[in-house]
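The values are calculated or read from the model by the stated rules, or taken from the named source; none is laboratory data. If you're wondering where the values come from, they're calculated on a predicted model, not measured in any experiment. Cβ coordinates were reconstructed from backbone atoms using ideal geometry, including for glycine residues, and neighbour counts include every protein chain displayed. SASA here: full protein model, heavy atoms, side chains in, ligands and nucleic acids out. Shrake-Rupley method; radii C 1.70, N 1.55, O 1.52, S 1.80 Å.
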Amino acid sequence: MRGAIGSLQFKSIHSKFALAFSLLILCTTVILSYSAYRLSTVAVTDASLTYTTQLIEQVNKNIQTYIGNMESISALSLSSADLKQYLSLRSPQTPEGARLGQEISSYFSAIVASRNDIASIVLAASNGAVVSDRVSPRLRPYAELVTQEWYAKASRSKGDIVISSSHVQRVFQDEYKWVVSISKQMPSPEPGAANGVLLVDLNFNIINDLCNQIQLGQRGYVFILDETGDLIYHPQQQLLYSGLKTEDIRALMQAKDSSFEAQLTDENKIYTVRTTSFGWKIVGVTYAGDLSGNKREMQLTSAIWGGIALLIAVTISVLLSITLTRPIKQLEAHMKQVEKGNFDIRVEVEGVNEISKLSRTFNLMIGKIKELMNQTVQDQEVKRISELKALQAQIQPHFLYNTLDSIIWMAELGKVENVVTMTSALSKLLRSSISKGEELIPIRVELAHIENYLTIQHIRYRNKFTYAIDVEEELLDCRILKIVLQPLVENAIYHGMKHLPETGHIQITGRKRDDVIVLSVSDNGVGMSEEQLRALKLKAHGASDGKGFGLHNVNHRIQLYFGEKYGLQFESELEEGTTVTMIIPALPGEG
């Protein structure tokens, strides 16, 4: 079954062309669609990474500007004359120290009131003084403050600004805010004077809001690491602490400002890193699947346009295969006509391609076949003519035998005059039969031959019949086949006159009708019944029995030379006589 289907599918060149073109176009369309999809995906990914890099760069600049502003505020605070004078006091518990502490606190309050991103400002001097931006603060004891990390790092930094990670501030009692601290050791105003550390706590919500407003795809986010790798900000910080989420901190700390891909779970992350001037790393996280968020739409679009292109291409391939195979189908149709025997067709040759060359060769082949067939027909006609001539040659000895027998008989009876007449007629008859060996002769020669024949037969049958020849003068030079009237006259004598009790009569006439000649041989003999006439027609127009040179051969010779529309016609009535009419074309002169 499968083999039958395959043979049907690949039976014609048209189907093979269409299938080959379709497969080629299908492969090309799939490759182009996949390439277009891949290029589009790469382009979207590159564009997304570029956009992510720009956003992280902007976050980096914002945070650096933000921290820079805090540093400026710290420097502004340290430049206060009251602060320097307050630090120069050996004991802040004096009335002067109380006044200066109140002034510094008011100064700090004014700064905090002007900036909602500052949680608090605290000064812890080495002489035991502690001043904040609040009027009645509940500060932790001095001994506890100087042990906290911000104070220790600032003391060790020798005047450099220290920026801490996000943490819970423990400067005020019963207050636990998430802040980022900026601390700096203050220089001593004079040798031997007290110094201290200025602490500016930044509100962590500001950083949180700054990072939260950055949208990196559907699931992307931003987080910040300090210079030691500790988290300053992460939107899912609790998940990290609980181990439900991980980040490749080690790779991030080793990475320079760039983008790289990491696979921590079943889905790849792309990290975009920017480092601030003070050591923080701003990290943007995007998911590879989100970079081409419209991946499904791109796939669907590529599939739709690929399908449309494939449909159009397949249609074109089918039309092209039809165009290519049309000349072959035409050639096939002409070949089927030749199979049916039509050798007169010709294939129209257009162009100079291989099919045109094949059509030209086909035309030459058909022409050669037709030529050979015509030659074969001509050979058969020649063969048939030769056979007819052989039949003609067969009748002449028979007639000659009968005539010589009659001459001998008349000589024995002493009928010298009849012997001379018959011998002279026989001599002329033989001379006209073998002269020049031509098949077409003038009608006058054929009539002379018939007259000699009738002369011999008239003597042989002892005046059993009379005869008359009436042919128009203008027909005497027209051409006729040799010895075609003799069988007609012979049949009139043998079948019409021979059994007639009285003297019969044979009438030979010739007339021209349009472009044909009508020659008739009539007798008033015994005639024929309808059955006998029908049998005669069948014999004359049917197959030859090979015996004698009869009416069949005369009719066949006429049709062989001149065509099917010519030949013999018969009319007869019982006891009235018979008329045989010969119709031949009018061929004047040597035509």
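Classify region 406-505 as rounded, prolate or oblate from the Cα gyration tensor: take a ≥ b ≥ c as the square roots of its eigenvalues, call it rounded if a/c is under 1.5, otherwise prolate when a/b beats b/c and oblate if not.
Cα axes put region 406-505 in the oblate bin.
Set the Förster distance to 41 Å, then compute FRET efficiency between GLN213 and SER157 from the Cβ-Cβ distance, nearest 0.05.
The pair GLN213/SER157 has a calculated efficiency of 0.80.
What order do you get for 22-28, 356-362 when each peptide is scored by the mean count of other beta carbon atoms within 10 Å, highest first?
So the order, starting with the most tightly packed, is 356-362, 22-28.
I need the calculated FRET efficiency for the pair LEU364 and GLU339, taking r as the beta carbon distance and R₀ as 22 Å, to the nearest 0.05.
Computed FRET efficiency for LEU364 and GLU339 comes out at 0.75.
Would you mind calculating the relative contact order of region 435-482 from Cα pairs under 8 angstrom and at least 6 residues apart, reporting the percent as a whole number? Walk me through the intermediate numbers first.
Values: 30 pairs, mean separation 33.5, N = 48.
Computed over region 435-482, the figure is 70 percent.
Keeping all protein chains in place and using 1.4 angstrom, which order do LEU429, LEU49 fall into by accessible surface area, from largest down?
Result of the area sort, largest leading: LEU49, LEU429.
Modelling each spin label as a point 7 Å along the Cα-to-Cβ direction, I'd like the ALA303/GLN559 distance in nm, to one decimal.
Calculated label separation equals 7.7 nm.
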